[in-house]
Structure formats: C-alpha cells, structure tokens
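Reviewing the structure listed below.
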Protein chains: 2
Amino acid sequence: MKSSDIPAPAVHRLSLYLRELENLRQADRRTVSSRQLGDALKLTATQIRKDLAYFGQFGKPGIGYDIEALMGRIRRILGTDRTWNVLLVGAGNLGMALSAYRGFAKKGFRLCAVFDDDPEKIGRPIPAFPAIFIRPVCDIPIAVREKDIRLAIVAVPAHAAQGVADALVGAGVRGILNFAPVSIHVTATAAVTAVDLAVQLEQLSFQVSALE
Amino acid sequence: MKSSDIPAPAVHRLSLYLRELENLRQADRRTVSSRQLGDALKLTATQIRKDLAYFGQFGKPGIGYDIEALMGRIRRILGTDRTWNVLLVGAGNLGMALSAYRGFAKKGFRLCAVFDDDPEKIGRPIPAFPAIFIRPVCDIPIAVREKDIRLAIVAVPAHAAQGVADALVGAGVRGILNFAPVSIHVTATAAVTAVDLAVQLEQLSFQVSALE
DNA sequence: TAGTGTGAATGGATTCACAGCC
DNA sequence: GGCTGTGAATCCATTCACACTA
C-alpha cells in the first residue's frame, strides 16, 4: 500500500500517535497497546489498530506495539525521518513567535531564512536565531536554491498571502503552512496546509454555545 | 434543527464561508452564489448549498445568497454574534504573539487577563495591552468571576497543560483552545479544541513526500 | 489471558440528479 | 439561463465481531 492511500484523517492521527509515543518513551516504556494509546488520546482501540494496519503488521498479540519501532515507522510515513529546511515569510508578531517555537526543531524542521518587505525590518537579525537576518521577499528564490528549502511558513497579512504563495511556488517551494486568514491556491506541484487561529476560536465558541 | 446537529466538518466550513463573506463585503459585493464561494474555497457548490441548508433557506434562485444576511446567520450559529471574554495562560513566545494577534479582536474575542507562573513575568504588563498585567495561575478563579470569562487559550509547555486545564475548568471556564503539544482531558461541562503547530508541519511534510 | 489484524456491517458525509424558482 | 434546495445514490470512515497468536 502506498502511503498516499492512507486516509487523511488517519494521517492526522498518526501525528498524534507519534507525539504520544514520544511521551511514552520519555517515561521509559517499551511497548504500548492500542487500548492504552486510545485511552490517552480519547480514541477507540479498534481505530488505532486499523490506522496502524494501513502500513503493515507491527503489533504482537498479547503484548502490543514496540514503541521505538513504531515511532520509526510513523516518522517514515510522515516524512519526518529526515531534516526539512524551512523558511518563514512575515516577521511580525506571529512570525517571530513561530521562529522561536522549539517544537519545530524537535521534529526535525530547521528554520533557514526569514523574509519580510518592511524596510524597518530588513537586515535585522531575528531574536531567536541571531545568525538569521531578515531579507526582502525578492530574495526568496536565491535562498531556496542555496539552502535547498522545500517548506515555507507564511505569516503575513491576508492581502499579501496569495502573492507570497505564488512567489514561493515559483521559487520551487513544495509545501506551504499558511497562517494568513485567507484561502490560498497553488499549482499541483505544491501542497498547502492552513491554520487560521481565529477560526479555531470560532469553532470553540460554537462548541461552548452548543453545550449551554 | 438544532445547531448542535450540524456535522462537525460543516461547522468548520462555516467559519471559512464567513471569512470569505467578510472579504466579499469589503469589496462591496451584495450577493454571492454557491458556485462563486466554492471557487474561492476549492469546495463544490453542492456542498456549500447543503451546508447552508442545514439552517434554513437563504438563497434566491437565479441570484444567490445575500452576503450581509448570511454573515449574520453564520455568526449566530457559531456564537460569534456576541463578544467573548478570553483569558490566556502562558506568557512565553507563543502566548505573547497570540495576545498581539489582531485577528481575535476582529472576530469579537476580547483578551481580558494573562497568567503565568514564572516569577520573572508576574506583575509585568504585556506589550500588546499595557493595561493587562501578568498574574499568577492561582488568580484564575478570581479573574474568571470578575470578568465573566468563558474561554481560555493555553500556551504553556506540555507538562503543565493538563494541570492548567484542570484549574481552568475548576474555575468555570467552558472552552479551551490548547496549543500545548499534548492531549488534554476535561469534564463534559467544557470543550477543548487543539492546535499543535508541529503536527501541522508534519502533515505538510507528509503531503509533500506523497507528491514526490 | 491480553492483545492484534481484518472482513463485514454500520453510520455519516459528499456528490449526483433534478424539480422548482427568479 | 442561472441558481437554490433536496431526496437518492455513492463514497468513505468508523465500529463491530471474531479468528488468530504470543
């Protein structure tokens, strides 16, 4: 089975499994059952077994899954068994916070360059990595080539997002994580994942309203 | 039909519709068809009509939907036709960026209090709102009562997240937006929505690996 | 006994097809 | 002609039930 055949909801859960497995290994656990994983993540044991069965047979009946082995396998599926060079566009509040976020590096994503078109910001180092200087957006193609960058984080205002996306794809970037509150479109050579923080609060507002 | 009967995927799309409608109204448009909305969001026109039909009949055949009216209706469904008071726990990089994020206020979410247990930070004002001073986590119940706060944003390290969540629910908070990279559990009186930034990059990494 | 892997059944969401309206 | 609203059909994900194994 090709990994692209794994249903999208299952791929999302794989990330959660990996996160939980990392916690378990930290606690020196060696194996885990689908039931235990399910309890920790509020999912059914059956669903976890189905998800894991998409890519082979790992578990040992009566025992469960080998944590180390399973982590390795999930990382390979997700493509995080290697390091990805990442660039960031947008050096505002959100962009700077994202650049300082330790969670990315822990998963093998390495921030290599930061871009912004504000003349006030160009040329300045970013607080989290003083070796990285903010460069103008027109430099993106150079950086992508030089540093072999495949992924980009977009944290610019909504009105600038599509233009930035076009520039990124034109420069050869293959994946965009979009934080701008607007839907962006790219050619089939690239993928986009969107995170709209306000949308998340709206979803919460809906849920809270529903349970009252 | 009760709004809690709307399927979860549809509720998520409602947020996207609302965002797009806001853009359209900005551009002085009065009406929009399901087809136009679908093109903008990469969804089928049928799906949009189905979603909107969950809560009544809005569209005019031959014309489309009245943008203003539809926005009002979606806001009521999502619960954003009023202002929500929000508190933030965690005054690190991510927390401070979230406090400065303009998108929340634009949607009617008002930040009222910020908490952190780092003695270095307690008592200091936050840059985005100099009138808000960072308070210790034990003050949460007081603030919730005083300011009638129902929603909380959690931006603390993973190991602290469940404890903070327990404190929040105990204080009467009804909804939690969790940025900590760990699954948190609460009683049925409260709702949790999770955003794990590293997970989002992993999903992107998967998609990019799949299209190579 | 404790647990996996999986075909079959179920449940939900999306898409199709089309009647009806402006 | 353009567009909505919706039952029917399809598609897909989750759950059930159970054979199987360490």
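Structure notes:
- Failed item, numbered, when residue A:24 is tested on (1) in contact (Cβ under 8 Å) with a residue 12 or more places away in the chain; (2) more than 13 Å from DNA strand D (Cβ to nearest atom); (3) surrounded by 16 or more Cβ atoms within 10 Å (Cβ to Cβ); (4) under 17 Å from the mean Cα position of the chain (by Cα): (4)
- Selection of the stretch B:34-43 for residues being part of a loop (DSSP other than H, G, I, E, B) and surrounded by fewer than 17 Cβ atoms within 10 Å (Cβ to Cβ) yields only B:42.
- Tallying residues that are touching a Gly at 6+ places or on another chain (Cβ under 9 Å) and surrounded by 15 or more Cβ atoms within 10 Å (Cβ to Cβ) within the stretch B:122-140 yields 5.
- Exactly one residue out of A:164, A:182, A:144, A:169 is assigned to a loop (DSSP other than H, G, I, E, B) and out of contact with any Pro (no Cβ under 6 Å at 6 or more places or on another chain), and it is A:182.
- Within the stretch A:1-12, the set of residues being surrounded by fewer than 19 Cβ atoms within 10 Å (Cβ to Cβ) and in contact with a helix residue (DSSP H, G or I) (Cβ under 6 Å, 6 or more places away or on another chain) comprises A:3, A:4, A:10.
- Hey, residue B:29 farther than 20 Å from residue B:79 by Cα, part of a helix (DSSP H, G or I) and away from chain A (no Cβ under 14 Å) or not: no
- Candidates in the stretch A:37-59 are the residues that are within 13 Å of chain B (Cβ to nearest Cβ) and away from DNA strand D (no atom under 14 Å from the Cβ); of these, the one that is farthest from residue B:162 (Cα to Cα) is A:55.
- Within the stretch A:189-208, the set of residues being among the small types (Gly, Ala, Ser), within 24 Å of residue B:100 (Cα to Cα) and facing another protein chain (nearest Cβ under 7 Å) comprises A:198, A:205.
- Residues (surrounded by 15 or more Cβ atoms within 10 Å (Cβ to Cβ), over 22 Å from the mean Cα position of the chain (by Cα), outside any loop (DSSP other than H, G, I, E, B) and near DNA strand C (Cβ under 6 Å from one of its atoms)) located in the stretch A:45-96: A:49, A:64, A:65
Throughout, read-outs are computed from the coordinates displayed, never taken from laboratory work. Computed from a predicted model, the values in this text were never measured in an experiment. Every residue, glycine among them, receives a Cβ derived from its backbone with ideal geometry; neighbour counts consider all protein chains shown.
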